[in-house]
1. Just to be sure before I move on: is Lys193 among the charged types (D, E, K, R) and under 27 Å from Asp11 (Cα atoms) in the structure I sent?
2. Just name the residue that is surrounded by the most Cβ atoms within 10 Å (Cβ to Cβ) out of those in segment 56-68 that are out of contact with any Lys or Arg (no Cβ under 7 Å at 6 or more places or on another chain) and either in contact (Cβ under 8 Å) with a residue 40 or more places away in the chain or of a type in the set (D, E, K, R) (or both).
3. Taking the condition of being assigned to a loop (DSSP other than H, G, I, E, B), of a type outside the set (Asp, Glu) and over 22 Å from Leu261 (Cα atoms), how many residues in segment 194-246 meet it?
4. So in segment 54-89, with the set limited to residues that are over 13 Å from Leu22 (Cβ atoms) and outside any helix (DSSP H, G or I), which one is modelled with the highest pLDDT?
5. Check Ile187, Ile210, Ile202, Ile228 and return the single one that is within 25 Å of Ile119 (Cα to Cα) and of a type in the set (A, V, I, L, M).
Amino acid sequence: MTNNDDWAKWDNILSQIMDMPLFKCEASKLAKATNRNNKETKEALINELYYKRLSDLETTQVADMVNNNDYWLRTRITYSRKGLINQHLKQLKDESEIDVDNLKPTKTCPNTYDTQQAIRLAPLIFSNKKTAEIVIFTLKYGELETRDKYHLTKRQYWRKIGDIERYCIRHRADIKALIPNVEKQQILTNKLKKLKTMLKLINHEDDYTIQQLIYSDLHFWENEIAEISEVKYQWYLLHDYANSQDKQAFKNYISQEINQLNKQLKKEKK
């Protein structure tokens, strides 16, 4: 199957999801909570769902879920809406320093880098596959979604978390020893994945999705573009990609970086 076929299938499936009554309802709730119009919130919601909740699934799996009005899919749509509202509240706090803690209960969470590092290490730390899966799913989606997925009561869930914490305390030294060996490779792997995703979109000339991808990780792409000496107008490449004059320089840089990272990762694994 060609890449074009894959994209056509995803476009069709995502269109079907956007026609679901639940999706329209959640998009309306999102619009009301974020003071944005329905068109913008529908696009934001479908991107959140596609990139974060459906990224590990095949088109055939998602198509079956849509046809069966699957409970898992419906809950993912709902949690995508909740995630976007949380992002909106955080942005408000960062921009205007209002006390959003009074608007919703929050818990202290590790930063994104620490979370990603823990997700990487979980399969290495826990020999029991299900335990590693629960840890990873908790780090990605939180308590409620994890309990829902694994059919755990609150008491069962926290008993499991307590066992995991005690295991980590007993093996603290072994876990610390894993971090330096994994950290560098994972940083390189994450960068490689982002560059490959971008190159795929560039090859499909999907300017709109490229712009969305840039905005989804603006700090990363600002740093990358700053390294490209051939780029003349960085602002347009970041904020008006469709009309940028530096598309070819951007593509050349990404292709070269992918080749270099592949070689570097091979050396690191030896």
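1. Details: among the charged types (D, E, K, R): yes; under 27 Å from Asp11 (Cα atoms): yes.
Considered against the rule, which asks whether it is among the charged types (D, E, K, R) and under 27 Å from Asp11 (Cα atoms), Lys193 comes out as yes.
2. Quick first cut of segment 56-68, residues out of contact with any Lys or Arg (no Cβ under 7 Å at 6 or more places or on another chain) only: 56-58, 60-68.
After this cut, where a residue has to be either in contact (Cβ under 8 Å) with a residue 40 or more places away in the chain or of a type in the set (D, E, K, R) (or both) as well, the list is 56, 58, 62-64, 66.
Values: Asp56: 7, Glu58: 11, Val62: 22, Ala63: 16, Asp64: 13, Val66: 18.
The selected residue is Val62.
3. Residues of segment 194-246 assigned to a loop (DSSP other than H, G, I, E, B): 204-206, 217, 227-233, 240, 244-246.
From what's left, of a type outside the set (Asp, Glu): 204, 228-229, 231-233, 244-245.
With the extra rule that they be over 22 Å from Leu261 (Cα atoms), the set shrinks to 204, 232-233, 244-245.
Number satisfying all stated conditions: 5.
4. The initial filter retains those residues of segment 54-89 that are over 13 Å from Leu22 (Cβ atoms), namely 54-64, 67-68, 82-89.
Adding the requirement that they be outside any helix (DSSP H, G or I) leaves 54-58, 68.
Values: Leu54: 85, Ser55: 75, Asp56: 77, Leu57: 84, Glu58: 86, Asn68: 91.
Only one residue tops the list, namely Asn68.
5. Details: Ile210 fails: within 25 Å of Ile119 (Cα to Cα); Ile202 fails: within 25 Å of Ile119 (Cα to Cα); Ile228 fails: within 25 Å of Ile119 (Cα to Cα).
Going through Ile187, Ile210, Ile202, Ile228 in turn, just one is within 25 Å of Ile119 (Cα to Cα) and of a type in the set (A, V, I, L, M): Ile187.
The values are calculated or read from the model by the stated rules, or taken from the named source; none is laboratory data. Predicted model only: the values in this text are computed from it and were never measured. Positions of Cβ are backbone-derived with ideal geometry, glycine not excepted, and every protein chain shown enters the neighbour counts.
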